[in-house]
Amino acid sequence: RTPRRGHASAARCVDASPKDAKRAAAAARRMEADAKTTAAELEARRASAESASPSPRALRNLTRLSAYATHGDSIKGFFEPGLLRLYLELDAVHESRGVRGALVEIGVFHGKSFMPLALLRQPGERCVAIDCFEDQSANTDRSGEGDAVAFRKNVDATMRACCDGGCDAREDWLAVLETDSRLLADDASPLRAAAGSPVRLFSIDGCHTAEATAADLRVASNAMHPEGVVVLDDAFNPDWPGVVTGLFDWRQDVLETLAKKTFAANDVSRRGGPNDTLVADGIGVSSGWNDVGLEPFAIGFGKVFLCRPAVRDAYFARFKRVDEERGDAFGAAARKTAEFMRRPCAVFRHGWISTFHGNE
């Protein structure tokens, strides 16, 4: 499985065209401003939370992610600072519902989007990084080349900068699987052993082809905690249409598999066959979709958030009102609700990565 594309630096864009260099420079300025605004807002929230007697976990998360909003800008890669707010909300839901489990990312590159997961980790939980790193034979869409040495260096530096000196050295909390993640779709034993428990937060940011995305969704779905969340990157980025194609391909494969398991071949044929989306959808919902399906509840900052159907409405209700009382013009609050995959979703600001960088 391949890492996502790398940082689109202004220097690289100079090689392409002056226009690309100008766009990359504008993106760098805007994202730096976003990071500073996010850091200030989280720090202000942390200060006010101290007087409101938050849980120790919530206060620790605020402190860590507030620090990362600034520190993360030093790590090569792509990550929208606004996502930190949504990750805090996810962890708050998990705390309130007693959800515990591993935190995993496919396609870690240099660790920029992996580190927020690591910072949300609770004692006894493990983090798993999956990337092919220097073995680029699996990187079929040339979406970036990870660096294992840089990744580990960034993990150490971030833990020191954002975790009051780092993690307990006695705790074996990090596992790195240097592999093509598609292999885990057929044999998940390495991931199960590395995670040690079902996954409560699974970020997919690897190869952006349809085939690879569908495989990664299969890996994530098979590894998930019943109330876990999958965060899918670039589903609406027009430079990477394979992602949204892979999402729908995965969904249709699941529905067809459920249909074939539920009905005899002649009954399926009489109803229109598993290729009929409406029929397959109905079959899936009544015959196992709730156990294996993924449905969206939020869209924002280049990501789509998905979970099991049984908890989708609860996540949607929580995210629909994220920070709405604050009226934050920067984009912390959901801008609106809209339907995706036949489900209402809280829609947040899009972000600047795909806007400025595109496919560079």
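The values are calculated or read from the model by the stated rules, or taken from the named source; none is laboratory data. Note that the structure is a prediction, hence the values are computed from the model and not measured. We place every Cβ from the backbone using ideal geometry, glycine too, and count neighbours over all the protein chains shown.
So which pairs qualify, if the first residue must be in the range 66-77 and within 17 Å of ALA33 (Cβ to Cβ) and modelled with pLDDT under 95, the second must be part of a loop (DSSP other than H, G, I, E, B) and not aromatic (Phe, Trp, Tyr), the Cβ gap must be under 7 Å, and the two must be at least 6 apart or on different chains?
ALA69/PRO81; GLY72/LYS112
If we scan the range 96-114, do we find a residue that is surrounded by fewer than 24 Cβ atoms within 10 Å (Cβ to Cβ) and either more than 29 Å from PRO190 (Cβ to Cβ) or modelled with pLDDT under 95 (or both)?
yes
Would you pick out the residues in the range 167-220 that are free of Cβ contacts under 8 Å to residues at least 24 places away in the same chain, closer than 21 Å to ALA148 by Cα and of a type in the set (S, T, N, Q)?
none
Within the set of pairs 6 or more residues apart or between chains, which connect a residue that is of a type in the set (Gly, Ala, Ser) inside the range 301-328 to a residue that is assigned to a helix (DSSP H, G or I) and modelled with pLDDT under 95 with Cβ atoms less than 9 Å apart?
Partner pairs satisfying both residue conditions: GLY302/LEU83; GLY302/ILE353; GLY302/SER354; ALA310/ASN290; ALA310/ASP291.
Out of curiosity, is SER203 part of a loop (DSSP other than H, G, I, E, B) and either touching a strand residue (DSSP E or B) at 6+ places or on another chain (Cβ under 7 Å) or over 21 Å from MET115 (Cβ atoms) (or both)? So that I can check it myself, show each step before the final result.
Working: part of a loop (DSSP other than H, G, I, E, B): no; either touching a strand residue (DSSP E or B) at 6+ places or on another chain (Cβ under 7 Å) or over 21 Å from MET115 (Cβ atoms) (or both): yes.
No.
Is there a residue in the range 50-67 that is crowded, with 24+ Cβ neighbours inside 10 Å and more than 19 Å from ASP233 (Cβ to Cβ)?
Within the range 50-67, the first condition is being crowded, with 24+ Cβ neighbours inside 10 Å, and the residues that meet it are 61, 64-65.
Keeping just the survivors that are more than 19 Å from ASP233 (Cβ to Cβ) gives 61, 64.
Yes, some residue in the range 50-67 is crowded, with 24+ Cβ neighbours inside 10 Å and more than 19 Å from ASP233 (Cβ to Cβ).
Against the condition at pLDDT 95 or above and not in a loop (DSSP other than H, G, I, E, B), how does GLU125 come out, does it pass?
Working: at pLDDT 95 or above: yes; not in a loop (DSSP other than H, G, I, E, B): no.
Considered against the rule, which asks whether it is at pLDDT 95 or above and not in a loop (DSSP other than H, G, I, E, B), GLU125 comes out as no.
Just the residues that are within 21 Å of PHE133 (Cα to Cα) and either among the small types (Gly, Ala, Ser) or assigned to a helix (DSSP H, G or I) (or both), please, taken from the range 83-110. Give the derivation first.
Kept after step one, since they are within 21 Å of PHE133 (Cα to Cα), are these residues of the range 83-110: 103-110.
Result: GLY107, single match.
How many residues does the range 221-244 hold that are assigned to a helix (DSSP H, G or I), touching a residue at least 24 places away in the same chain (Cβ under 8 Å) and within 21 Å of ALA298 (Cβ to Cβ)?
Initially, the range 221-244 is screened for residues assigned to a helix (DSSP H, G or I), giving 221-223, 242-244.
Then keep just the ones that are touching a residue at least 24 places away in the same chain (Cβ under 8 Å); that gives 221-223, 242-243.
From the residues that got through so far, the ones that are within 21 Å of ALA298 (Cβ to Cβ) too are 221, 223, 243.
Adding up the residues that qualify gives 3.
For the range 119-131, give me each residue that is over 22 Å from LEU183 (Cβ atoms) and buried (at least 24 other Cβ atoms within 10 Å of the Cβ). Outline the logic, then answer.
Just the residues of the range 119-131 that are over 22 Å from LEU183 (Cβ atoms), to begin with: 119-125.
LEU119 - this is the single residue of the range 119-131 that is over 22 Å from LEU183 (Cβ atoms) and buried (at least 24 other Cβ atoms within 10 Å of the Cβ).
Determine which single condition THR63 fails, assuming it passes every other condition in (1) out of contact with any Gly (no Cβ under 9 Å at 6 or more places or on another chain); (2) modelled with pLDDT of 95 or more.
Here THR63 meets the rest and fails (2).
Looking only at the range 76-126, filter to residues that are more than 16 Å from PRO56 (Cα to Cα) and acidic (Asp, Glu); which one of those is nearest to the chain's Cα centre (by Cα)?
Among residues in the range 76-126 that are more than 16 Å from PRO56 (Cα to Cα) and acidic (Asp, Glu), the one nearest to the chain's Cα centre (by Cα) is GLU105.
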